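Each reported figure results from applying straightforward, stated rules to the coordinates on display, with no laboratory input. Keep in mind the model is a prediction, meaning the values are calculated, not measured. Cβ coordinates were reconstructed from backbone atoms using ideal geometry, including for glycine residues, and neighbour counts include every protein chain displayed.
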Amino acid sequence: MISSANGLKACARAMDVLKAGGDTLEAVVQGVTLVEDDPNDTSVGYGGLPNEEGIVELDASVMHGPTRRAGSVASVRNIKNVARLAKLVMEQTDHVMIAGEGATRFARAWGIPEMNLLTERSRMAWMAWKQSQRDGEGRNNWTDGLDAPDAKPSAALRQIWPEASDEMIAWAFDVARRPPTGTINCLALNATGEMSGTTTTSGLAWKIPGRVGDSPIIGAGVYVDQEVGAAGSTGRGEENIRIAGAHTIVENMRHGMHPREAALDALKRIARNFHGDEKKLGSFDINFYALRKDGAYAGASLWNGRVRRGSVSGFQFAVNDGAESRLEKCVYLLERKA
Ligand code: GLY
């Protein structure tokens, strides 16, 4: 199993399913379901950061190596486990992709319970973002009016969430400033050479309602050809869609590249789309994960890491080869200085 860095538990669960003789797709779906259920992972499922209207919209895809089938859902509201829903689209329809209201109605038809996916934590981050927007006069209808006494921006959040810790409020302002595109991708290879993959996400925070990222796009967010390997992505989906990243990486492996070089080549294609302009490239992050049919694997990121409090924290990815899940370092294309 390999996955994005938020998938240590997902890889462990998926490995348990494989060890019990389960199917590779069932394994990765059960793995990422743990993350979709976790309100503290604000990039996936329940508690994911919402769109600009404060509504959580989820995207997911699955690909099953043994049958070469795929399924995906996009812009789904009120359904928590969208990787499972994408699997249902694959198994129980003659379609590959269902989006928006149709996806929620499809889930309803299968008796999947609906729920509000916005947690108080994510609502706080959304409110911090709403309150940070300014017009040309420096005003914002969502903050206290001109007649209000001067107060720190955090005071409004404190009023609504008096129990919130300083750390949580700082986090809310941080994600308001730099909308994250976290996601989980998880890829599996079993002992008989069967492979599957899934990617699930709440997408870009504060997106325009209906915006679809790379995660549900077969060939971008995930791709599996078990005669060659599998690949997936997290990070800014718009850039991945423009190079069909997961498919590109699998094709690179088909032509003999190691997963590391295959993923780095995909990142070079992204850099080329910006003519190598490091200022523009520096405004986003994107990571690829690649697993070859012989078990060779890699995680690769556009940048060496994120700058936090003056130092660069490197990107990692999760691996489980039968024992405990562990994090390994991603190789990278470009270097941010602290
Ligand atoms: N990679 C997740 C997204 O851009 O939606």
Worksheet item: What residue among Ala128, Ile160, Leu189 has its Cα farthest toward the positive end of the dipole of the range 121-214, where the charges are +1 on Lys, Arg and -1 on Asp, Glu, each on the Cβ?
Response: Leu189
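Quick check: residue separation of Trp110 and Arg178 times 0.36 nm, minus the Cα distance between them. What number comes out in nm? Provide the component values of the computation, followed by the final result.
On the way: separation 68, 0.36 × 68 = 24.48 nm, distance 3.70 nm.
Taking 0.36 nm per residue and subtracting the Cα distance, the gain is 20.8 nm.
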Worksheet item: Cα centroid distance between the range 101-123 and the range 289-336, in Å?
Response: 32
Fill in: the chain - Rg (one decimal) and Dmax (whole number), Cα, Å
20.0, 70
Worksheet, complete the sentence: With label points set 7 Å from each Cα along the Cα-to-Cβ direction at Glu227 and His255, the distance between them in nm comes to 1.8
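Taking the mean number of other Cβ atoms within 10 Å as a proxy for protection, how do you rank 216-224, 138-146 from highest to lowest?
On the way: 216-224: 28.1, 138-146: 10.4.
With the highest mean Cβ count within 10 Å placed first, the list reads 216-224, 138-146.
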Worksheet entry | At 1.567 mPa s and 4 °C, Stokes D of the range 215-295 from Kirkwood alpha-carbon radius, µm² per second | 105
Worksheet item: Distance from the Cα centre of the range 203-276 to that of the range 40-74, in angstrom?
Response: 16
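So if I place +1 on the C-beta of Lys and Arg and -1 on the C-beta of Asp and Glu, and nothing else carries charge, what would the dipole magnitude of the chain be about its Cα centre? I want it in debye, nearest 20. Please list the in-between numbers first.
Values: 40 positive and 42 negative charges, 122 e Å.
In total the dipole reaches around 580 debye.
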Worksheet entry | Listed residues Ala230, Ala103, Val331: farthest to the positive end of the dipole of the chain (Cβ charges) | Val331
Discussion item. Within the chain, how many Lys pairs that are eight or more residues apart, or on different chains, come under 20 Å at the alpha-carbon?
Written reply: 15
Practice prompt. Calculate, in nm to one decimal, what Glu91 and Ala155 gain on full extension: separation in residues at 0.36 nm each, minus their alpha carbon distance.
Written response: 18.0 nm
Worksheet, complete the sentence: Heads up, the range 2-73 by the C-alpha gyration tensor (a ≥ b ≥ c square roots of eigenvalues; a/c under 1.5 rounded, else a/b over b/c prolate, else oblate) looks oblate
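If you filter the range 235-338 for trypsin sites (Lys or Arg not before Pro), then keep DSSP loop positions with at most 11 other Cβ within 10 Å, what is left? Numbers along the way, then the final one.
Values: sites: Arg236, Arg242, Arg254, Arg260, Lys268, Arg269, Arg272, Lys279, Lys280, Arg292, Lys293, Arg306, Arg308, Arg309, Arg326, Lys329, Arg336, Lys337; in loops: Arg236, Arg242, Lys293, Arg309, Arg336, Lys337.
Within the range 235-338, the qualifying trypsin sites (Lys or Arg not before Pro) (loop, at most 11 other Cβ atoms within 10 Å) are Arg309, Lys337.
Mind running the shape call on the range 1-128? Use the C-alpha gyration tensor, a ≥ b ≥ c as the square roots of the eigenvalues: rounded below 1.5 for a/c, prolate if a/b tops b/c, oblate otherwise. Please report the intermediate quantities before stating the final value.
Working: a/c = 2.30, a/b = 1.27, b/c = 1.81.
Oblate.
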Worksheet item: Across the Cα atoms of the range 111-261, what radius of gyration and what greatest pairwise Cα-Cα distance (Dmax) are found, in Å?
Response: 21.0, 70
Practice prompt. Take every Cα pair under 8 Å in the chain that's 6+ residues apart, average their separations, divide by the length, and report that relative contact order as a whole percent.
Written response: 20
Worksheet item: Among 93-101, 126-134, 245-253, how do they line up from the highest to the lowest mean number of other beta-carbon atoms within 10 Å?
Response: 245-253, 126-134, 93-101
Worksheet, complete the sentence: CD proxy, 222 nm, the chain: helix-only mean residue ellipticity via -39,500 (n - 2.57) per DSSP H run with n ≥ 4, per residue, nearest 500, stands at -10000 deg cm²/dmol
Worksheet item: When Cys330, Cys11 are ordered from fewest to most other Cβ atoms inside 10 Å of their Cβ, what list results?
Response: Cys330, Cys11
